[in-house]
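The values are calculated or read from the model by the stated rules, or taken from the named source; none is laboratory data. Quick caveat, the model's predicted, so the values are computed rather than measured. Every residue, glycine as well, gets a Cβ built from its backbone with ideal geometry; the counts of neighbours run over all protein chains shown.
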Amino acid sequence: MGQERTFTDDSFAFRVQQSTGTGASVFLENFASGGNEFWNLFLSAPTGQPLSPRAYENAARFASDVQPGLDFGGDGRGCNQSVGRFTVSDFQRDDDGLVTRLVANFEQHCEGGVPALFGDISYRLPLTAAIIPMPPTILLMVTALLGLGMWRGRTR
């Protein structure tokens, strides 16, 4: 019997980014409060084509010129070979290429088996009341300082 899981931003950190120019990568991480769980979802149009709202059939683990790519795994689990399908209902990026919205569902079969993993994702970049532009060097420095603080916390 399969399991049903729901991942929300209450318990997981979500990171969605454009991958390989033709797809989207979704990273889910729960390392807070003693958690150590992570999952990845990769959706890609066939090589050279942009990911867009539509159905993608005959997906393989890695995209090719004629096949879209689909791979879900993590937390010590995954497929060496997978086939499946997915439908992108909404996919938007801002002018800088940052993924701001991704709505999709997928079906993945591992190692040619009949059992399937079904999933849905609905991601929308949170909107803020005010956006303060920050030069990349300052953002990098803040990230580096936060990273040092976390590193110190792990070594004690």
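Hey, does region 52-59 have a residue that's modelled with pLDDT of 75 or more, among the acidic types (Asp, Glu) and assigned to a loop (DSSP other than H, G, I, E, B)?
no
From the list ALA63, ALA59, exactly one residue is touching a Lys or Arg at 6+ places or on another chain (Cβ under 7 Å) and farther than 20 Å from ARG15 by Cα. Which is it?
Testing whether each residue is touching a Lys or Arg at 6+ places or on another chain (Cβ under 7 Å) and farther than 20 Å from ARG15 by Cα leaves just ALA59.
Among residues belonging to region 91-122 that are touching an Asp or Glu at 6+ places or on another chain (Cβ under 7 Å) and free of Cβ contacts under 8 Å to residues at least 24 places away in the same chain, point out the one that is surrounded by the fewest Cβ atoms within 10 Å (Cβ to Cβ).
Selected residue: PHE118.
Quickly run through region 67-117 and pick out the residues that are closer than 16 Å to ARG5 by Cα and modelled with pLDDT of 90 or more.
ASN105, PHE106, GLU107, GLN108
Let me confirm something: among SER33, SER64, which residue is modelled with pLDDT of 90 or more, surrounded by fewer than 17 Cβ atoms within 10 Å (Cβ to Cβ) and either closer than 18 Å to ASP120 by Cα or out of contact with any strand residue (DSSP E or B) (no Cβ under 8 Å at 6 or more places or on another chain) (or both)?
Only one candidate passes the filter, namely SER64.
Which members of region 66-104 meet the condition of being aromatic (Phe, Trp, Tyr) and within 11 Å of ALA24 (Cβ to Cβ)?
PHE86, PHE91
With respect to SER11, is the statement that it is part of a loop (DSSP other than H, G, I, E, B), under 23 Å from LEU125 (Cα atoms) and in contact with a helix residue (DSSP H, G or I) (Cβ under 9 Å, 6 or more places away or on another chain) true?
yes
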